[in-house]
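Participant: Here's a structure for you.
The values are calculated or read from the model by the stated rules, or taken from the named source; none is laboratory data. A quick note: this is a predicted structure, and the numbers were derived from the prediction, not measured. Cβ placement follows ideal geometry from the backbone for every residue including glycine, while neighbour counts extend to all protein chains displayed. Note: accessible area is taken over every heavy atom of the protein model, side chains too, but ligands, DNA and RNA are not part of it. Shrake-Rupley method; radii C 1.70, N 1.55, O 1.52, S 1.80 Å.
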Amino acid sequence: MLTGDEPVSGFYAPVRRSLTEPILLGGAPRALAIINGTLAAALGLGLRLWLAGLLLWLVGHMAAVWAARRDPAFVDVVRRHLRYPAHLGS
């Protein structure tokens, strides 16, 4: 009889660390870092407001890194929060 501690022959499946960790770019969630960089580049290159684009990127990226340190899945949490109607929170 098998107990819960013994591995079953032929059913070994290792779980890699990369499957459980969020994908980050420079400490910020990947999608948010790409959106932030794109908006900053459009502002800096497209409108020729170099300092404003650099400042937007720096502030946005630092805010995303700060939030990702507190909760790596904060983007998914915010998305889920925005889907619920406002009258449920009252």
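Participant: For the structure I just gave you, tell me whether L39 is open to solvent by 100 Å² or more (accessible area, probe 1.4 Å), over 27 Å from P22 (Cα atoms), assigned to a helix (DSSP H, G or I) and not acidic (D, E). I'd like the intermediate steps shown before the answer.
Facilitator: Numbers: open to solvent by 100 Å² or more (accessible area, probe 1.4 Å): yes; over 27 Å from P22 (Cα atoms): no; assigned to a helix (DSSP H, G or I): yes; not acidic (D, E): yes.
The answer is no for L39.
Participant: A further question follows. In region 24-36, which residue that is under 9 Å from the mean Cα position of the chain (by Cα) and touching a residue at least 24 places away in the same chain (Cβ under 8 Å) is most open to solvent (accessible area, probe 1.4 Å)?
Facilitator: Looking only at region 24-36, we keep the residues that are under 9 Å from the mean Cα position of the chain (by Cα), and these are 24-25, 27-33.
When the remaining residues are screened for being touching a residue at least 24 places away in the same chain (Cβ under 8 Å), the result is 24, 27-29, 31-33.
Numbers: L24: 79, G27: 28, A28: 0, P29: 14, A31: 55, L32: 59, A33: 18 Å².
Per the criteria, the residue is L24.
Participant: A follow-up question, please. I'm trying to understand the selection: among the residues of region 42-65, which are open to solvent by less than 60 Å² (accessible area, probe 1.4 Å) and either aliphatic (A, V, I, L, M) or closer than 21 Å to V78 by Cα (or both)?
Facilitator: A42, L43, A52, G60, H61, A63, A64, V65
Participant: Also, I was wondering about something else. For region 66-90, give me the residue count where each residue is out of contact with any helix residue (DSSP H, G or I) (no Cβ under 7 Å at 6 or more places or on another chain), part of a helix (DSSP H, G or I) and open to solvent by less than 100 Å² (accessible area, probe 1.4 Å). Don't jump to the end; show me each part of the working.
Facilitator: Initially, region 66-90 is screened for residues out of contact with any helix residue (DSSP H, G or I) (no Cβ under 7 Å at 6 or more places or on another chain), giving 66, 69-70, 72-73, 76-90.
If we keep only those that are part of a helix (DSSP H, G or I) as well, we get 66, 69-70, 76-83, 86-88.
If we keep only those that are open to solvent by less than 100 Å² (accessible area, probe 1.4 Å) as well, we get 76-78, 86.
Of the residues in that region, 4 qualify.
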